[in-house]
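Taken together, the values in this text are just the output of simple stated rules run on the coordinates, not laboratory data. What you see is a predicted model, and the numbers here were worked out from it, not measured in a lab. No Cβ is skipped: glycine too gets one built from the backbone with ideal geometry, and neighbour counts run over all protein chains shown.
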Amino acid sequence: MKLYSIMMIRVMFILLPLLLGCFAQAADLEFARDVRPIFSDACYHCHGPDATARKAKLRLDDRASTLKAGVLTDGEMLNHLTSKDPEERMPPPDSKRVLRSKDRAKLVQWLKAGANWPEDDRHWAFVPPQRSALPKVKNEKWSRNEIDRFILARLEREGWRPSTQADKATLLRRVTFDLTGLPPSIKELNDFLGDDSPDAYEKAVDRLLDSPRYGEHMALDWMEASRYADTDGYQNDRLRYMWVWRDWLINALNDNMPFDRFVIEQMAGDLLPERNFFTQVATGFNRNHRINSEGGSIPDEWIVEYVADRVETMGTMFLGLTLTCSRCHEHKYDPFEQKDFYRLFAFFNNVDEAGLGPNNGNSPPFIQVPKSWPKLSEEESKFVVPAPMKIKVVQTSVPRPQPGAPNTVMVMHELPEPRTTYLLRRGLYDQPDKSEKLLPATPPALGGWKEEWPRNRLGLAQWLMDPSHPLTARVTINRLWQHHFGMGLVKTSENFGMQGDLPSHPALLDWLATEFARSDWSLKAMHKLIVTSAAYRQSSMASLALQQKDPENRLLAHGPRKRLSPYGIRDAALFTSGLLVETIGGPSVKPYMPPRIWKSISNATYKQDKGDKLYRRSMYTYWRRTVPPPTMMTLNAAAREVCIVRNDHTTTPLQALTMMNNIAFVESARFLAERVIKTKELTPAQRIAQAFRMVTSREPSPDELKRLLADLRFYLADFRKRPEAAKQLLAVGEKKADPKLPVVPLASYALVANTILNLDEAIVQD
């Protein structure tokens, strides 16, 4: 008996930790975080918000309905989850929904533990951000600001250590690209390396934030998300003139306009009590959508499409939600009814616009831009009421509005009497449900509406920027984090809904969202906070073990290593070559493009610009929607047909071929060669090392230098045999080579420079 008791005690000592672990796991399960995402992914398709698709009259997206059905406690759901019978097992095979083993186990665990479903079961993203206390960490000396406490606390929980700080040259290159889209110059690099003061890095950050290049660079993400282009889109793809809005955007970012004001002016600058010409131009944001001018189009249909586009763009940019899903039916995953979409639709359904675009030029409403833009006199700065829309009928009897000339910009302007808004069955313009007129309103799931807000776009903008709003600050901060780290704290930056990813650091995301409002909505302050953190300053080098543990660097145990944007790749080549023309603003330019490229879609002819216009920053490149700049598209730019806030990156042979053969890159290599060859006191090795450092911000290793010198000797020998080939190379591009420089050496150095520009390090910022 005594022996038996001893054995039982030993068994209990063995089993007790396991049992406690099971209980702890069950207790740690949170419905909103752990269970609802599984329901959303595997169950909502048949048992979700969409009543038309719902099966067995079972609804798993609504707490009251689910509890009433009793499936959580009567064993029915548990049986369906654990059954081996394909006829009983859920989800059924024909649903094409796959429930992963670990998720199935998690649901079983939750059900066996009592299926705790709290009354406040809101999705995490629909709860206003809560500012938590800074977490305690062991290695307090590592942290440089509040961000680091959250990062380090998570790493310490995992038993990991952060990486060492990147070297100074790497760090300056990283932050210079991130804040200006260009590499540091040799002088900037040398000055920074020679500054031993403890605040040297902070001073460099301040200098970059004050640079006019900052606004240009930050405008690019906004332009892609705003679907900015120089043509209307669709088959006809007529010309439009919206560059004045782009200029407003750059200036607003450089001036560090508070983000709440930044959003309000773009959403409703024409409705502000203190409105003026500049706030009016800002509303061009809502006119960047595609416009159809095809003769067979039905105007009423396309007015609906334009309004829907604005709703969808707002949903993606500010809410991080897939609102477009609820255009045709109840949202299958998120708590949005179809009526919610059309109540938002009603905010934008009051613009005095035509369904069919003009043959060429801006579509009403538009306003004339003074020649002195953007430096306007007091009189020129006054608000301008757009002229009433004029319709003309051409030979085809198609009614079209009179187009706006190149000196105009499209803006928002309300109709005297708003259009009536109805729910559209299946989203079709000719299927209105006239049983109920829908008034402007916001989805109840996203918080209330204050009575002092007007029921128009201005009120909508105020609702978006209210500090208690659950999404706008979170979504915006997440995109800023994505900009610097290559991935947001929420990976799916376009989707914070049920189908989106959970945040890697939820407390940090909320702290940053609240800090954003506390900082008077200063974008520059938030950028500075992120780039001065120890997390950002880490070396990007990661051990094989760390890469296997965290291949996407979600826990941020090392610094970011990102490929440059398509615009950054071209701009960096022009910059290091000395060709870049840094004029800010103005009409779009037409740089090198394959001949007859527009002929593939229409009879239009691409007329390439000359002189300085060939070497402007890539953000100013003329963007035709049906035939976007091929270099940009090859390198994964957004097409700008719809709102895009996260681009996929690919690696293809075509990208390498573009980098080696595109006129812009070959010409850049030529002039980079000129820059180093003109320094006559340098040896060949020193010239190559200088070019290498200009491109990569570091000295080449002895082996790298040896290989490049060998290439130089090979090219010299080859071009001496074929001098015409050297001349042919130097003839690539509009800008002529310096006739005082010897042809063969210049061509040889040009090919070496081309090799350097094609290095992996040349197109990444680390």
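Filter the trypsin sites (Lys or Arg not before Pro) in the range 334-377 down to the DSSP loop ones having no more than 15 other Cβ atoms within 10 Å, then list what survives. Show your work: numbers first, answer last.
Details: sites: K339, R343, K371, K375; in loops: K371, K375.
Within the range 334-377, the qualifying trypsin sites (Lys or Arg not before Pro) (loop, at most 15 other Cβ atoms within 10 Å) are K371, K375.
Once amide H atoms are built 1.01 Å from N in the peptide plane, which residues 5 or more positions from T621, or in another chain, come under 5 Å H to H?
V589
Just subtract the alpha-carbon distance of L67 and N603 from 0.36 nm times their residue separation and send over the number in nm, one decimal.
Taking L67 through N603 to full extension adds about 186.6 nm, to one decimal.
Give the percent of DSSP beta bridges with both residues in the chain that are antiparallel, rounded to the nearest 5.
The answer is about 85 percent antiparallel.
On a straight-distance basis, which aspartates and glutamates could pair with K599 in a cross-link, Cα separation under 19 angstrom, same-chain partners fewer than 8 positions away excluded?
Cα-Cα hits under 19 Å: D230, D232, D237, E294, D609.
In bins 10 Å wide, starting from 0, what share of all Cα pairs of the range 563-766 does each bin hold, as a percent?
8, 33, 35, 18, 6, 0
Assign unit charges at the C-beta atoms only (+1 for Lys and Arg, -1 for Asp and Glu), then state the dipole size of the chain relative to its Cα centre in Debye, rounded to the nearest 20.
1940
Using a Debye calculation, one point per C-alpha and no hydration shell, please list log10 I(q)/I(0) for the chain at q = 0.07, 0.08, 0.10 Å⁻¹ in order.
-0.61, -0.78, -1.15
Could you derive backbone 3J(HN,Hα) for the range 178-184 from the dihedral phi with the Karplus parameters 6.51, -1.76 and 1.60 (θ = phi - 60°), listing whole Hz in sequence and x where the residue is Gly or Pro?
Result, rounded to whole Hz: 5, 9, 10, x, 10, x, x.
When you count, for each residue, the other Cβ atoms within 10 Å and take the mean per peptide, how do 446-455, 260-269, 712-721 rank with the highest first?
Packing proxy ranking, top to bottom: 260-269, 712-721, 446-455.
Just want to confirm a number: the relative contact order over the chain, from Cα pairs under 8 angstrom separated by 6+ residues, in percent.
15
Please quote Rg/Rh for the range 472-549 to two decimal places, taking the Kirkwood radius as Rh and restricting both calculations to Cα atoms.
Ratio value, two decimals: 1.00.
In straight Cα distance, which aspartates and glutamates are under 15 Å from K740, not counting same-chain residues fewer than 8 positions off?
Partners found: E674.
What are the semi-axes of the equivalent ellipsoid of the range 26-112, taken as the square roots of 5 times the eigenvalues of the Cα gyration tensor, listed largest first and rounded to whole Å?
18, 16, 13
Show the residues, 5+ positions off or on another chain, whose built amide H is closer than 5 Å to the amide H of R616.
V581
Out of every Cα-Cα pair in the range 503-633, what percent are more than 20 Å apart? Don't skip to the answer; put the middle values down first.
Values: 5536 of 8515 pairs.
Tail of the P(r) past 20 Å holds 65 percent of the pairs.
Would you calculate the separation in nanometres between label points at Q109 and N359, each defined as 7 Å from the Cα along the Cα-to-beta-carbon direction?
Distance between label points: 6.9 nm.
Can you compute the label reach from L759? Point 7 Å from Cα along the Cβ direction, backbone N cut-off under 12 Å, restricted to the range 665-701.
Zone members listed by number: 688-701.
Identify, among T532, P551, M487, the residue whose Cα sits farthest towards the positive end of the charge dipole of the range 452-587, taking +1 on the Cβ of Lys and Arg and -1 on the Cβ of Asp and Glu, with the dipole about the Cα centre.
Selected residue: P551.
With θ set to phi - 60° and the Karplus curve 6.51 cos²θ - 1.76 cosθ + 1.60, what are the ³J(HN,Hα) couplings of the range 743-758 in order, to the nearest whole Hz, using x for Gly and Pro?
5, 4, x, 5, 5, 5, 5, 4, 5, 5, 4, 4, 4, 5, 5, 9
Positive end of the dipole of the range 59-155, charges at C-beta (+1 Lys, Arg; -1 Asp, Glu), about the Cα centre: which of V108, N139, T73 has its Cα farthest in that direction?
After comparing all options, I get N139.
Sorted from fewest to most neighbouring beta carbons within 10 Å, what does the list T322, T651 look like?
So the residues, fewest neighbours to most, are T651, T322.
Please list 3J(HN,Hα) in residue order for the range 365-380, calculated via the Karplus relation 6.51 cos²θ - 1.76 cosθ + 1.60 where θ = phi - 60°; whole Hz, with x for glycine and proline.
Each residue's phi maps through the Karplus curve to give x, 9, 10, 7, 9, x, 4, 7, 3, x, 8, 8, 6, 4, 5, 5 Hz.
Quick check on the chain: helices-only [θ] at 222 nm, where DSSP H runs of length 4 and up contribute -39,500 (n - 2.57) each and the sum goes over total residues. Nearest 500, please. Walk me through the numbers on the way to the answer.
Details: 30 runs with 328 residues, N = 766.
Counting only the DSSP helices, I get -13000 deg cm²/dmol.
FRET efficiency for N661 and H80, Cβ-Cβ distance as r, R0 = 56 Å, nearest 0.05?
Result of the calculation: an efficiency of 0.40.
Between K203 and E451, 0.36 nm times their residue separation minus their Cα-Cα distance comes to what?
This chain segment gains 84.7 nm when fully extended.
Do any GluC sites (Glu not before Pro) in the range 486-561 lie in a DSSP loop with no more than 11 other beta carbon atoms within 10 Å, and if so, which?
Sparse-neighbourhood loop GluC sites (Glu not before Pro): E552.
At a Förster distance of 30 Å, what's the computed FRET efficiency of E146 paired with R554, Cβ-Cβ distance as r, to 0.05?
0.95
Considering only Cα-Cα distances, which of the following residue pairs are longer than 24 Å: K68/K437; K106/K549; K706/K736? Write out the running numbers ahead of the final one.
Details: K68/K437 33 Å; K106/K549 22 Å; K706/K736 30 Å.
Where the Cα-Cα span goes over 24 Å, the pairs concerned are K68/K437; K706/K736.
In what sequence do V351, V490 fall when counting other Cβ within 10 Å, fewest first? Don't skip to the end; give the middle numbers.
Numbers: V351 23, V490 27.
Placing the least packed residue first, the sequence is V351, V490.
When T231, T442 are ordered from fewest to most other Cβ atoms inside 10 Å of their Cβ, what list results? Before the final figure, lay out the partial values.
Working: T231 23, T442 20.
Fewest-to-most Cβ neighbours within 10 Å comes out as T442, T231.
Determine the gain in length on full extension of the stretch C328-K706; use 0.36 nm per residue of separation and subtract their C-alpha separation, reporting nm with one decimal.
That works out to 129.7 nm of additional length.
Residues with amide H under 5 Å of T231's amide H, sequence separation 5 or more or different chain, H placed in the peptide plane at 1.01 Å from N; which?
R240, R625
Could you sort 154-165, 740-751 so that the peptide with the highest average Cβ count within 10 Å comes first and the rest follow in order? Could the numbers behind the result be given before it?
On the way: 154-165: 15.4, 740-751: 19.3.
Result, highest mean first: 740-751, 154-165.
For K55 and Q499, what does the FRET efficiency come to when R0 = 22 Å and r is the distance between their Cβ atoms, rounded to the nearest 0.05?
Between K55 and Q499 the formula returns 0.65.
Kindly list the residues of the range 335-370 that lie in the label zone of K392, defined by a backbone N under 19 Å from the point 7 Å along the Cα-to-C-beta vector.
Correct set: 353-368.
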